[in-house]
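Some notes on the structure that comes next.
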Amino acid sequence: MRSLRLLVPMLLAGCLFLTPAYGQGQPTPIDSTHYWTYHLLNPQFQPVQVQARDQFLSFYTPIYLDSLTRLVNWVYKNQSTVRDTFLHYTWWNIQNKLPVNRQVRVSNQFGDFPVTVERLEFLLAPAWKNPPATVSSPPLANHYLCYKAFGFPEPGLSYFLRDEWRNDVQLPHPMEYLCVPCWKEHGAQVFAPTDTVTHLALYPIMPQSDYFYPFVVDQFTAGNFLVQQRPLEYLLVPSTKFEEPTKIERSTWGRIKTLYR
């Protein structure tokens, strides 16, 4: 009995240091890679039209891209892993910010919370950064449609972040965007998701870096871009989501029945 009395407090104390679990019954992200963003100091204005659909847009929908504004670079977060250090993303602003107004539940290493998804904001396209001369096409990876979203609070902890350029310690703020894997059609070619489970939740951070001048290639553009981290940037965290079931209020159903008595 004495050994059991000692064991229980030890187990309870150990639970305080566990990583938050994903929601019950939800899968974990297939790709555990985190990313963070860099501003393009001279955004590239290049109107492009694509067709895209995802779990919110059921049918192929015209999407109008107007400018490339950020580079998305992989990053180690504390002891996290990076599955592919060659894969990067470009951040393209979407001109037609379509509303979707959906309720979902998002789970990741920061917790599990209900989230309101408001409207379309930008597209993430897979890209190379300083690729070898033998590369002739962009990486085979997810495209993402990204939506303005709120409801997921800040994790309340600072994290050590490191990529091939720099180190930093940042405190993420409440989630601001949710990126969803999508099907994209462009130039008579359809790009299907390679992973429909992994989503990306974006949390604002406030880093400040020197200037960098990488060569960036995606399906829309190629060239050298001057980039820098400056407030406001984002930490992209691998996540999963599922849609909350629609609630039917008893009072509403009762009023409907009285109309037909």
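FYI, it's all coordinate maths here, none of it is from the lab. Quick caveat: nothing in here was measured; it's all calculated off a predicted structure. Cβ sites come from the backbone with ideal geometry, for glycine too, and all protein chains shown count toward neighbours.
Things to note:
- At full extension, ALA222 and GLN46 could sit 62.2 nm farther apart than now, given 0.36 nm per residue minus the alpha carbon distance.
- Each residue, THR194 and ARG230, gets one label point 7 Å from its Cα in the Cβ direction; the gap between the two is 3.4 nm.
- Exposure proxy ranking, count of Cβ atoms within 10 Å, fewest first, for ASP195, ASP112: ASP195, ASP112
- Proximal aspartates and glutamates relative to LYS77, as straight alpha-carbon distance under 12 Å, when same-chain residues fewer than 8 apart are discounted: ASP163, ASP168
- C-alpha center-to-center spacing [the range 26-104, the range 146-169] in angstrom: 15
- Segment VAL135-GLU185, extension gain: residue separation times 0.36 nm, minus the distance between their alpha carbons: 15.8 nm
- Per-residue ³J(HN,Hα) for the range 189-204, Karplus 6.51 cos²θ - 1.76 cosθ + 1.60, θ = phi - 60°, Hz, x for Gly and Pro: 10, 9, 10, 8, x, 8, 7, 8, 8, 6, 9, 10, 9, 10, 10, x
- Environment charge at LEU232 (Cβ cut-off 15 Å; Lys +1, Arg +1, Asp -1, Glu -1): -2
- Diffusion constant of the range 22-245 at 37 °C, which comes from Stokes-Einstein with the Kirkwood Cα-pair radius and 0.692 mPa s, µm²/s: 187
- Note on LYS148: aspartates and glutamates with a C-alpha under 20 Å away, same-chain residues under 8 apart excluded, are ASP54, ASP66, ASP112, GLU118, GLU121, GLU176, GLU233, GLU243, GLU244.
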